[in-house]
Amino acid sequence: MLGVGGGIAAYKAAHLLRLLTEAGHEVRVVPTEAALQFVGRATWAALSGQPVHTSVWDDVEGVGHVRVGKTADLVVVAPATADLLARAVAGRADDLLTATLLTATCPVLMVPAMHTEMWQHPATVANVATLRERGILVLDPAVGRLTGADTGPGRLPEPEAIAQAVHAALHTGGRRDLAGLRVVVSAGGTREPVDPVRFLGNRSSGLQGYALAAAAAARGAEVTLVSANVALVDPAGVRVVPVGTALELEAAVGAAAAAADVVVMAAAVADFRPAEVAADKIKKGAQQEPAPIALVRNPDVLAGLVAARRSGTLPATTTLVGFAAETGDADADALQHARAKLASKGVDLLVANDVAGGAVFGRAGTVVHLLTPDGAVAGPIAGAKAEVAHAVWDRVAGLRAATT
Ligand code: CTP
């Protein structure tokens, strides 16, 4: 169920609804009367394909306020206004949305959006704390441009970020099972400059790494996302460190890894970089053939982390997760190559995907196998990258539980 409060950000909830239905969810929309001032009933009905009621008197024979709350797998309220939070805390039931909140037996996710003054008011601060104590998931609002000229905390997080939080809440049943875990995720693909306008790059979109960061944050982990050249919305509640090259990525991951429990290297790191970066743009010139670009080896960041753990620079308890983008060839299939890579890399978990024909890059869905040093192989795990992300965190949580 998608509850919509009466704030200007209600228009973004229409996009959220779209994302949820496209992900295959059946969504019942319950706006407040005030929400309909911003986005009309017809929009919610058309996008959800379901009737739209706001009052407990709308669907009396169906006892909607009880049925909707009891049958939903998740209630997400976006935007949750200051007034709506207050009414939820007080246990009011003066419209269908608040009545549903009282009858809901499923996880409830509230996504506040309001002016900064309202968000920081002691009344709202206390209301959010009370809701969280009661087990309601309350996302922190994003920081940025608000309705007027003002900026600050209070913006509704982007619909993509809310959809990721919805996915996580559905996966864990609303539990923040990774609370207390500090994780570092690298994502995207490094770019190695050739001259001021050209670089050697790769086709990594960053989707899987971002999904991993979003999933971990939604499950309560403290997440640093080292992001190499990614054009995606920042996941909610994640510290993003942008980097360009492999050397920058190595420095950023190294700095964050020192205080991390888990490092997931999902980034596609260039193995080589041009030995020299031309100070000026390389011209076509008159010569027939361009001069070859000499390459030098980049550090293997993951191997560096494994070595640091072995030497004691990183704690022995740090869990290290690698990715392998493999294709089968004449010698072995993709999974056999992944087994060999797991052994050679010395990681605790290898996420292997078959990228033959570029099948994975930039796509929402993927297929992976999860390999561990004990020889266990889970998979194939096929699904949206968000689903695969949760499967990876389930496995990481299992590995850590087994060693502590
Ligand atoms: N990786 C890294 N530093 C590099 C290259 C790769 O940390 N310079 C990490 C990747 O983030 C990934 C794992 O190592 O988690 C496997 O990367 P892969 O693309 O398979 O690269 P290679 O190990 O170089 O394997 P190959 O020689 O088969 O290309």
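The values are calculated or read from the model by the stated rules, or taken from the named source; none is laboratory data. Predicted, not measured: the structure shown is a model, and the values here were computed from it. Glycine also receives a Cβ, built like all others from the backbone with ideal geometry; neighbour counts cover every protein chain displayed.
Figure legend. Inter-residue proximity from segment 383-404: first residues closer than 20 Å to Pro315 by Cα, second residues among the acidic types (Asp, Glu), beta-carbon distance below 7 Å, spacing 6+ or different chains. Indicated pairs: Ala397/Asp177; Leu399/Asp348.
In segment 240-251, how many are away from the ligand (no atom under 12 Å from the Cβ) and either hydrophobic (A, V, I, L, M, F, W, C) or surrounded by 21 or more Cβ atoms within 10 Å (Cβ to Cβ) (or both)? Here the count works out to 4.
All of Gly201, Gly174 fail the test of being more than 30 Å from Phe272 (Cβ to Cβ), surrounded by fewer than 19 Cβ atoms within 10 Å (Cβ to Cβ) and touching a residue at least 60 places away in the same chain (Cβ under 8 Å), apart from Gly174.
Among the residues of segment 264-281, is any basic (Lys, Arg) and either within 12 Å of the ligand (Cβ to nearest atom) or modelled with pLDDT of 95 or more (or both)? Yes, some residue in segment 264-281 is basic (Lys, Arg) and either within 12 Å of the ligand (Cβ to nearest atom) or modelled with pLDDT of 95 or more (or both).
Can Gly322 be described as within 15 Å of the ligand (Cβ to nearest atom), within 34 Å of the chain's Cα centre (by Cα) and either under 27 Å from Ala382 (Cα atoms) or modelled with pLDDT under 95 (or both)?
Yes: the conditions hold for Gly322.
Restricting attention to segment 229-245, which residues are of a type in the set (A, V, I, L, M) and either touching a Phe, Trp or Tyr at 6+ places or on another chain (Cβ under 9 Å) or closer than 23 Å to Pro157 by Cβ (or both)? Passing the criteria: Val230, Ala231, Leu232, Val233, Ala236, Val238, Val240, Val241.
Here is a yes/no grid of residues against (1) touching a Leu at 6+ places or on another chain (Cβ under 7 Å); (2) within 12 Å of the ligand (Cβ to nearest atom); (3) free of Cβ contacts under 8 Å to residues at least 24 places away in the same chain; (4) not acidic (Asp, Glu):
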residue	(1), (2), (3), (4)
Pro315	no, no, yes, yes
Ala356	no, no, no, yes
Gly365	no, no, yes, yes
Leu370	yes, no, no, yes
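Inclusion of Arg28 among residues that are more than 21 Å from Thr147 (Cα to Cα), surrounded by fewer than 23 Cβ atoms within 10 Å (Cβ to Cβ) and within 26 Å of the chain's Cα centre (by Cα) is warranted. As a summary of the residue check, Ala258 satisfies the conditions (1) farther than 30 Å from His390 by Cβ; (2) more than 12 Å from the ligand (Cβ to nearest atom) except for the one numbered (1). The strands (runs of 3 or more DSSP E) located wholly in segment 60-152 that include 3 or more residues which are under 29 Å from the mean Cα position of the chain (by Cα) and buried (at least 18 other Cβ atoms within 10 Å of the Cβ) occupy 75-80, 108-112. Here Val197 meets the list (1) under 22 Å from Glu133 (Cβ atoms); (2) assigned to a loop (DSSP other than H, G, I, E, B) almost entirely, failing just condition (1).
For (1) part of a loop (DSSP other than H, G, I, E, B); (2) near the ligand (Cβ under 10 Å from one of its atoms); (3) closer than 30 Å to Leu181 by Cβ; (4) modelled with pLDDT of 95 or more, each residue gets a yes or a no:
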{"residue": "Ile293", "(1), (2), (3), (4)": "yes, no, no, no"}
{"residue": "Ala308", "(1), (2), (3), (4)": "no, no, yes, yes"}
{"residue": "Gln336", "(1), (2), (3), (4)": "no, no, no, no"}
{"residue": "Lys341", "(1), (2), (3), (4)": "no, yes, yes, no"}
{"residue": "Asn353", "(1), (2), (3), (4)": "no, no, yes, no"}
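Does Ala228 count as touching a Lys or Arg at 6+ places or on another chain (Cβ under 9 Å), under 30 Å from Leu109 (Cα atoms) and free of Cβ contacts under 8 Å to residues at least 60 places away in the same chain?
Spelling it out, it is not the case that Ala228 is touching a Lys or Arg at 6+ places or on another chain (Cβ under 9 Å), under 30 Å from Leu109 (Cα atoms) and free of Cβ contacts under 8 Å to residues at least 60 places away in the same chain.
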